[in-house]
Amino acid sequence: MAVNAQEAEALEVKEEQYERPFVEIVKRFMRHRLAMGSFVLVTLLILMVFLGPFFSSFTERAQVLNHKNSPPFTNYVLEDPITEEGSNDVRTAQGTEVTWILGTDELGRDLLTRLMYAGRVSLYIAFAVTILGELLGVIIGVISGYFGGFVDALAMRTVDFLNTLPLLPILLVLTTITKPSVNKLILILVFFGWTGGARLMRGQILSLREQEFVSASKALGASNTRIMFRHLVPNALAPTIVNASLGLSNVMILEAALSFLGFGVQLPNASWGNMLRDAGTLTVLDKYPWRAFFPGLAIFICSLCFNFIGDGLRDALDPRAKH
Amino acid sequence: MTVAPINETQPRVQPAPAEDLLQVRDLKKYFPIKGGLLRRTVADVKALDGVSFTIKRGETLGLVGESGCGKTTTGRTILRLIEATSGEVIYNDQNVLTASRREMREMRRDMQIVFQDPYASLNPRIQVGESIAEGLRIHGIGTAKERRDRVVAVLERVGMNASHLRRFPHEFSGGQRQRIGIARALVMEPKLIVCDEPVSALDVSIQAQVLNLLKDLQDDLGLTYLFIAHNLSVVEHISNRVGVMYLGRMVELTSRDELFSHPMHPYTQALMSAIPLPDPTVKRERIILQGDVPSPVNPPSGCRFHPRCWKAQEICQHEDPVFEQKKPDHWVACHFAE
C-alpha cells in the first residue's frame, strides 16, 4: 500500500513516550514531600501497631497492681510471670527486668502495648468506615447521577435528610438500646457517612455521562451497568480517593470523640479515644500527663498524616497540575 | 403490513422498497422545558419536527444545515441514543424506535456511529485496543484471541497497526483518534454508519485523509452512510444525495449534482452562495440572510423560513409548505420553489 510522506508522518505515533497514567500519578505523589513523609510515617505506624504487640513483654490487659501510673522509662523486675490472655502460657518469665517505655495506666498496664492494641481498633474502624462508606457512596452516587429523574431525587433527598440528623444524640439513644460493639459502631458510622461520597460521585457523573464515549458505548449495545462501572466510575474516581483519605482522619477523630463520650469502643478493649477518656480527669492530667499525651499524640499524628496524604493525592490526581 | 394514512408532510408512506436500507418517517423529537415549582413541562424545544427521508443501500446521504437545525439529533435519534417523541425509523422492515431491548441489541451490530469530537469519544482510561474490542465483547463475539485478531485487522484497515493496541487515547493525534473511532464502529461489521460531523474537529489536511478513508471503506465493504456535516464542500465530496435541514425540518432533498447545480429552496440557495470560490475574479451575487435562526421553542408560523426569506409572500406566513416532489427525485418544501 502506497502511503504518501505526509500521511506516513501523520500516522507516526508521537515520538515522546508517555508514562502510563498510574506510574505518572505515583511519581507526582512522590514529589510531594509532605505527603510522601506522611505516607512513610503512617506505614511505619501501621506496621508498629500490628506487629509491635508480638514483640512486647506485656499483653493488652496484664496488670501490675503495685505499679499504677508509673512514669515513662520505669524499670521493674517482674514478681509474677506475665501470662498470655485466655491461657496460662507464660509470656514473660518471673524475675525478668522489663521497662515501661511510656509508663503504665491506673491499673498498672503497659501504656505502649495498650496504645498498640488501641491503634489496631482505631485504625480498623477508620479504614472500615471510610472504605465501606465511600463504596456505598460511589454506588449510590453513580446510580443517582446516571439515571437522574426520580431515582436521583430520591437519593439526594435521602442524603439531605441524613445530613440533618444530629449524630451524637442518635448514637446516645442507640447505645442505650443495644449493646455497643466495634462492628455496630462501624455500621452506624457508615450509615451516616456515605452521603458526602455519594454527592461527590453524582456531581462527577452528571458531567461525564454527557461525554461522547458514553454514547459510543451505548451505540455498541453496552448495558447500563457496564457504562456505569466500566466507563463512568474509573473516570470519576480521583476526587473520591482524595475525599476518602481526608475522610480517614475525620472518622478517626469522630471515633475518638465517641469513645471519649463512652459510646464507642467499650472497655476493656482499648481504643485511642477511650484511653484519652480514662485520662480525662484533672487529677490524671495534673499528676500523670503521659497517660493523656501519648494517645492524643497518636490521634494527632494519624489525622495530620491522612490530611497531608489527601493533599498529595489531590495534586497527583489532578491532570491540570502536571509539572 | 398496513399502509399508513397519507400525511401531507410525509413524502413517502409505503413499505420500504428493497433498495432502501433505512426509512425515516415523520420523526419528531421534542425536548421538554421544565419550569415552576412542580417541574411541569412549560414548553418544548422542537429539535425535530417531522423529518422524513430514506437512505438507499450503499449510498451516502449528506445532511447539512446550520448549528441547531437538528442534524445531530436526527443521527442520534435513529440510533436511539436519544429516544424520539414520535415517528418511525424502519431498518430492514423493522421499526427501530419500537424494538425491544433484545431486538435493539441485535440491530446495534448493524448500525454504528462515528462522532464529531475525537477527544471526547474515546474513554481516556481505556487502552484503544480494548475500546475497539468493546463491541465484540459486549456481543460475546469470538474468543479473546479472535477478538484481538479482528481488532488488529480493523486497525490496519484504517491505516494504523498492532503496536497501537496497548496505548491510551492521549498518546494519539486528533486524526489518529478519529481513525480509532472509525475502527471501533467498523469492527462490528455494520451496514449503516452515522457519521456525525466526523471531520469538523480536524485540521483541513487531516480532513481529506479521513474523508478518503471513509470513501475507500464504503467502496470495499459496501457501507451505507448518513453523513452529517455543516461544511458544504465536504458534503459535496462524499455524498450521493443531500438533504438540507432548517429548524427541525427537511427543506430540500435531492441528488448531490442536482442540489449543487439547481438548488430550489431559497435557504439552500443562500447556503450555496456562501461557499467560497477559489477564483477571486469571479463575481457572484451573495445572498445575505437577515436575522438569526428563530427559536425552536416557538417556531414561526407557516413556513419556518419566511422571516428570513427574500421571496416570502403573504401565504408563507400562515401556510406551511408541503415537502413535495417538484422535479423527479427532487423534494422541496417551498411555495415558490423554482
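Annotations for the structure displayed:
- Projected onto their three principal axes, the Cα atoms of the protein assembly as shown cover extents of 114, 61, 52 Å, largest first.
- Kirkwood hydrodynamic radius of chain A, from inverse mean 1/r over distinct Cα pairs, in Å: 23.1
- Percent carbon-and-sulfur accessible area, chain A, ignoring ligands, DNA and RNA, probe 1.4 Å: 65
- Net charge, B:GLY142 excluded, C-beta distance under 15 Å - Lys, Arg +1, Asp, Glu -1: +1
- Neighbouring Cβ atoms from other chains, within 10 Å of the Cβ of residues in A:205-213, number 4 on average.
- Solvent-accessible area per residue in chain B equals 45 Å², computed with a 1.4 angstrom probe and all protein chains kept.
- Solvent-accessible area per residue for chain A (1.4 angstrom probe, square angstrom): 52
- Summing both sides, the accessible surface hidden between A and B at a 1.4 Å probe radius is close to 3100 Å².
- Stokes-Einstein diffusion coefficient of region A:97-172, Kirkwood radius over Cα pairs, 4 °C, 1.567 mPa s, in µm²/s: 79
- Scanning residues 5 or more positions from B:TYR246 or on other chains, those with amide H under 5 Å from its amide H are B:VAL251, with H placed 1.01 Å from N in the peptide plane.
- Proximal lysines to A:LYS68, defined as alpha-carbon separation beneath 21 angstrom and excluding residues fewer than eight positions away on the same chain: A:LYS287
- Of all DSSP-defined beta bridges confined to the protein assembly as shown, some 70% are antiparallel rather than parallel.
- Coil-residue trypsin sites (Lys or Arg not before Pro) of region B:22-94, DSSP, other Cβ within 10 Å capped at 16: B:ARG39, B:ARG57
- Across all Cα pairs in region A:64-107, the calculated P(r) in 5 Å bins from zero up to the longest distance comes to 6, 22, 25, 27, 16, 4 percent per bin.
- Reference-scaled alpha-carbon Rg (2.2 N^0.38 Å with N residues) for chain B: 1.05
- Percent accessible area from carbon and sulfur atoms, region B:131-280, protein chains only, probe 1.4 Å: 51
- Among B:GLN127, B:GLN290, B:GLN218, residue whose mean-square fluctuation peaks in a GNM of chain B (springs only between Cα atoms under 10 Å): B:GLN290
- Most mobile listed residue (B:SER295, B:SER67, B:SER261) in chain B, GNM with C-alpha springs under 10 Å: B:SER261
- Within region B:169-254, the proportion of C-alpha pairs whose separation exceeds 21 Å stands at 32%.
- Pairs beyond 30 Å (Cα-Cα), from A:LYS218/B:LYS145; B:LYS145/B:LYS191; B:LYS34/B:LYS311; B:LYS215/B:LYS311; B:LYS28/B:LYS327: B:LYS34/B:LYS311; B:LYS215/B:LYS311
- Inter-chain neighbour count for B:113-125: the average number of beta-carbon atoms from partner chains within 10 Å of each residue's beta-carbon is 5.
- Reachable lysines, given that their alpha-carbon falls under 28 Å from the alpha-carbon of A:LYS27 and they are not under 8 places away in the same chain: A:LYS14, A:LYS322
- Accessible area ranking (1.4 Å probe, heavy atoms, ligands and nucleic acids excluded), largest first, for A:PHE55, A:PHE213, A:PHE260: A:PHE55, A:PHE260, A:PHE213.
- Residue mean of other protein chain beta carbons inside 10 Å, B:157-170: 2
- Only helices enter this figure: runs of n ≥ 4 DSSP H residues, each worth -39500 (n - 2.57), summed and divided by the residues of the protein assembly as shown, yield -15000 deg cm²/dmol at 222 nm to the nearest 500.
The values are calculated or read from the model by the stated rules, or taken from the named source; none is laboratory data. Source: prediction; values computed, not measured. Heads up, the Cβs are rebuilt from the backbone with ideal geometry, glycines too, and the neighbour counts pull from every protein chain shown. The accessibility values were calculated without ligands, DNA or RNA, using every heavy atom of the protein model including side chains. Shrake-Rupley method; radii C 1.70, N 1.55, O 1.52, S 1.80 Å.
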